[in-house]
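**Student:** Take a look at this one; I'll ask things after.
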Amino acid sequence: MLPSDWGCLGERVGYEGASLGDHFGVGNAFLQGEAPGLFWGYATQGIVQTEDITSDGVKYIKPDGTEGTYKTFNGKNPSAGDVKFVDQNGDGKVDASDHTIIGNPNPDFTYGFQTRISWKSLSLSASFNGVQGRDILNAGIRYTGTPGQKSNNIVKKAFYGMWTPENHSNLYPSSNYVVESVVMDRYVEDDSYLRCSDITLSYTLPKNWMKAIGFQNTLLYASVKNAFVITDRNCLF
């Protein structure tokens, strides 16, 4: 039996999570038969180009692979240089009814391992940990990686790469874009990583040296914490 607060989210059964704040709104959903807390928002397809705008609306590719058009996003007419969205239900407009799963914060698995190599009095050990198949919602992209009228101090790459009539970028919107207070897949990144959390090199001093000063064993070592991280994170920066 489903909880009393469950309802319909499009064609799915579940409920939306709490708001992430005024600049984002709801960002998670709890859906029947799915992992908990999936990222929930708008799917995008790059930037609206001049040639995408027709008398029927903005051209985009439907989930079934065919071409469709939408005329408004949350009641506003899109322009060249805006972020292009996907009209999930094909009704000719993009609004909250077009929210869909855009990421999964639950990892496929987490892992860790250690290794140790010794030679005579020297010993080298290393510890590793990692996460595979987890997404994160990088809220910073809204502020520093999305040019637009509500942006603040965007990064250099976004500033020089923004859409202009001369530079038809398909990654960064124009400076005239009104950054909407919604969650979209542009903010979701793959957070899989392998971290080397510790590297330790040790040396055991000769026992005959130690006996001369009244010690049995003495170990000298040097350690590095969080030495490096390997990740495929595809950041818009």
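The values are calculated or read from the model by the stated rules, or taken from the named source; none is laboratory data. Note that the coordinates shown come from a computational prediction; the quantities given were computed from them, not determined experimentally. Backbone-built Cβ (ideal geometry, glycine too); neighbour counts: all protein chains shown. These area figures cover heavy atoms from the full protein model, side chains too; ligands, DNA and RNA do not enter into them. Shrake-Rupley method; radii C 1.70, N 1.55, O 1.52, S 1.80 Å.
**Student:** Could you work out what % of the accessible surface of the chain is carbon and sulfur, using a 1.4 angstrom probe and leaving DNA, RNA and ligands out of the count?
**Tutor:** Carbon and sulfur: 53 percent of the exposed surface of the chain.
**Student:** OK, next. Residues with amide H under 5 Å of Lys62's amide H, sequence separation 5 or more or different chain, H placed in the peptide plane at 1.01 Å from N; which?
**Tutor:** Close amide H contacts, sequence-distant or interchain: Glu67, Gly68.
**Student:** Continuing with the same structure: Return the long-range amide H neighbours of Tyr177 (sequence gap of 5 or more, or a different chain), with a cut-off of under 5 Å between placed amide H atoms.
**Tutor:** Those qualifying (amide H under 5 Å, at least 5 residues apart or on another chain) are Gln149.
**Student:** Karplus couplings for the range 188-193 from phi (6.51 cos²θ - 1.76 cosθ + 1.60, θ = phi - 60°), rounded to Hz, Gly and Pro as x?
**Tutor:** Karplus-based 3J(HN,Hα) across the range 188-193 equals 9, 10, 6, 10, 5, 7 Hz.
**Student:** When only Cα pairs under 8 Å and 6 or more residues apart are kept, what is the percent relative contact order across the range 102-177?
**Tutor:** Relative contact order here is 23 percent.
**Student:** Same structure, new question: So how strong a dipole does the chain carry about its Cα centre when Lys and Arg Cβ are +1 and Asp and Glu Cβ are -1, to the nearest 20 debye?
**Tutor:** 1700 debye
**Student:** Give the longest segment of the chain that steers clear of GluC sites (Glu not before Pro) in DSSP loops with at most 15 neighbouring Cβ atoms within 10 Å, not counting the sites themselves.
**Tutor:** Excluding the exposed sites themselves, the longest stretch runs over 35-165.
**Student:** Turning to a different aspect of this structure: What do you get for Rg/Rh over the range 49-199 if you use C-alpha atoms and the Kirkwood form of Rh?
**Tutor:** 1.17
**Student:** Please report the relative contact order for the chain, taking Cα pairs under 8 Å with a sequence separation of at least 6, and give it as a percent rounded to a whole number.
**Tutor:** Computed over the chain, the figure is 17 percent.
**Student:** Under a 5 Å amide H to amide H cut-off, with H placed in plane at 1.01 Å, what residues pair with Asp191 once short-range neighbours are removed?
**Tutor:** Result for Asp191 returns Arg134, Asp135, Ile136.
**Student:** Among Ser121, Ser197, Ser19, which one moves the most in a GNM of the chain with springs linking Cα atoms closer than 10 Å?
**Tutor:** Answer for the Gaussian network model of the chain: Ser121.
**Student:** Taking the range 132-164, which trypsin sites (Lys or Arg not before Pro) meet the DSSP loop condition and have no more than 15 other C-beta atoms within 10 Å?
**Tutor:** Taking the range 132-164 and a limit of 15 other Cβ atoms within 10 Å, the loop trypsin sites (Lys or Arg not before Pro) found are Lys150.
**Student:** Positive end of the charge dipole of the chain (Lys, Arg +1 and Asp, Glu -1 on Cβ, about the Cα centre): tell me which of Pro36, Asn106, Val48 has its Cα farthest that way.
**Tutor:** Projecting each Cα onto the dipole axis, the largest value belongs to Asn106.
**Student:** Report, in listed order, any pair from Lys62/Lys93; Lys120/Lys225; Lys59/Lys93; Lys76/Lys150; Lys62/Lys84 with a Cα-Cα distance greater than 20 Å. Please list the in-between numbers first.
**Tutor:** On the way: Lys62/Lys93 13 Å; Lys120/Lys225 25 Å; Lys59/Lys93 12 Å; Lys76/Lys150 16 Å; Lys62/Lys84 12 Å.
Flagged as over cut-off: Lys120/Lys225.
**Student:** Under the 0.36 nm per residue contour assumption, what length would be gained going from the current alpha-carbon distance of Asp108 and Ala139 to full extension? Intermediate values should be presented prior to the final figure.
**Tutor:** On the way: separation 31, 0.36 × 31 = 11.16 nm, distance 2.25 nm.
Contour length minus Cα-Cα distance gives 8.9 nm.
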